[in-house]
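Every number here is computed from the coordinates shown, using simple stated rules; none is lab data. Remember, it's a predicted structure, so these values are computed and weren't measured experimentally. Neighbour counts are summed over all protein chains in view; Cβ atoms, including those assigned to glycine, are modelled from backbone coordinates with ideal geometry.
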Amino acid sequence: MFKTQNLYQNDEKWKSAKLGNSSETIGGWGCLLTSVTMMLNGIGYNETPESVNEKMKKAGGYQGAFFIPSVLPFVWPNCAYRDMQPCESFPAPIAQIDAAVAQGKPVILQVDWNKQAGIQTHFVLIKEKKGNDYVLYDPYKYGGDGPDKEVLLTTRYKYNGATLEKEISAVLWFDSYSAAPPEPPKVTKVPVPADKFAVYAAEDDLALRADPSIGGYLWKRLLNGTELICLEPKATAKAKLGVNGQWINVQEPAGDQGYVAAWYVSETKGQAPASVSPKPASTTTTNSTTKPAPTTPAVPATPPKPIPAGAMAFVPTEELAFRSRPDIAPETLIRRIPVTEQLICLEPANFAIEKVGVVGKWLKVRDQQNKEGFVAAWYVKYASGSTAQAAPAASTSASASTSNGETKVKATAQAVAFRKQPVVSDSTLIRWLPLGEELTVNELGGDVKIGANNQWLKVKDKGGVEGYVAAWFVGR
């Protein structure tokens, strides 16, 4: 269930306000704006359709009355916009929507509000699944609507067959980096030096943080080419440019101050950062000062190899660059990976574990499109305790074994994956285990696996359901 307060585009408080940069009104055409406002409030903000409208206009988030969702993370950093998936010509992806809703993620749907021919576009936010239907936060208030009235999608929007697969014509996928944005720290502004030295964001989504670390409070995200005024001596700042692990104290055009990663800024607008630190030449921890030969993203010429046994699954901690080689340069960028996408690491777990969270280290991974490439290890985290194996057959002996008595273990991380089989797949997921949930080891010899990397542990929950968990995410 996604929890928020129902807001209405046709509320008297703002229905007459102009929508974006147009003559249309919020009351008439602000369904997406209002659905987004409810979504933002559900991930910790306190907005109205009117305040979101104004902030999006200032951020360039409109083309006329057309609302541009991809601008949202630049204004509300806790919001991650993944994609808009059209499905007017084929069945809506109900299984994926159900999975997102079950995890409490916000999902906005496009539906048809009128029986006239064609799609008369209206946007709604999902509250929860109920039977074969979705309960909605509908941004348009009809007579009798109110916080206590349940609105079902196929009861209200039923002009294309009255089934979810046919009534949903597009899906907007969102996520958040945390349950609620952390409280911003109190800071004292630093005077801009008389000898002004400017640097430029070399990639989109550059994070401006309150502290010089990837864990520092995120003030905002900056677009590629944004001019930044250094707040430290020119010589000090120049020495850091392109160096992994270094941060530069800057002021952005709106006057906000903070720190940016020195390896994502350049002295010249439109140019890649001049990397001066050694780059790994392979997936091992050995460094080389010689750049690899390829200058364009590598495209596999053959079908992808099977996932290696014990391969680990990761997710980005923020939108992540997926590269053809472990080198920050425009020609190595394959695409940007959203925070909601899972990656399978193609390196042995004992090598990968040492790299996770370490600035300057890279991981070779496979994305959801079965492409292989590299990601910065300091921008990934474990995917809820998940690992991957080549095939279910790897667990034959464990499946055949009998109960090992009453050996108890507890989940040592939040949202550990509890699976039907020791394989990372949407089809094998039973549910996500909360931190501290107690399980019973359900295989002979399972004791020796507890806490071990590359191992799956067969367990049983308090309800008697049997399944598998990653052994290193449970403890006694």
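What does the C-alpha gyration tensor say about the overall shape of the range 198-266? Classify as rounded when a/c is under 1.5, otherwise prolate if a/b is larger than b/c, or oblate. Note, shape of the range 198-266 comes out rounded. Taking every alpha-carbon pair under 8 Å whose residues sit at least 6 apart, the range 26-176 reaches a relative contact order of 28 percent. Near residue 379: Cβ cut-off under 10 Å, other residues only, Lys/Arg at +1 and Asp/Glu at -1. The net charge is -1.
Order of 1, 56, 312 from fewest to most other C-beta atoms within 10 Å? Please report the intermediate quantities before stating the final value.
Details: 1 10, 56 23, 312 29.
If I rank by nearby Cβ atoms, fewest first, I get 1, 56, 312.
Using per-residue counts of other Cβ atoms within 10 Å, averaged over each peptide, order 79-89, 32-42, 438-448 from highest down.
On the way: 79-89: 15.7, 32-42: 25.5, 438-448: 17.9.
Descending packing order for the listed peptides: 32-42, 438-448, 79-89.
Computed from the Cβ-Cβ distance with R0 of 45 Å, the FRET efficiency linking residue 1 to residue 369 stands at 0.90. Relative contact order of the range 316-371: 31 percent, from C-alpha pairs under 8 Å at least 6 residues apart in sequence.
Note on residue 120/residue 55: beta-carbon distance plugged into 1/(1 + (r/R0)^6) with R0 of 25 Å gives a FRET efficiency of 0.35.
Peptide packing for 149-158, 362-371 was compared via the average number of neighbouring C-beta atoms within 10 Å per residue; ordered from the highest value, the list is 362-371, 149-158.
Remark on residue 10: its backbone amide H falls under 5 Å from those of 141, a criterion applied only to residues 5 or more positions apart or on other chains, H modelled at 1.01 Å from N. With K and R counted +1 and D and E -1, the other residues having a Cβ less than 14 Å from that of residue 60 yield a net charge of +3. The alpha carbon gyration tensor of the range 85-218 gives principal lengths a ≥ b ≥ c with a/c of 1.5 or higher and a/b greater than b/c, which makes the shape prolate. Reported to the nearest whole Å, the Cα centre-to-centre distance from the range 9-67 to the range 102-172 is 19.
Pull out the extension gain between residue 267 and residue 238, defined as 0.36 nm times the separation in residues minus the alpha carbon to alpha carbon distance; nm, one decimal.
Numbers: separation 29, 0.36 × 29 = 10.44 nm, distance 0.80 nm.
My answer for the length gained is 9.6 nm.
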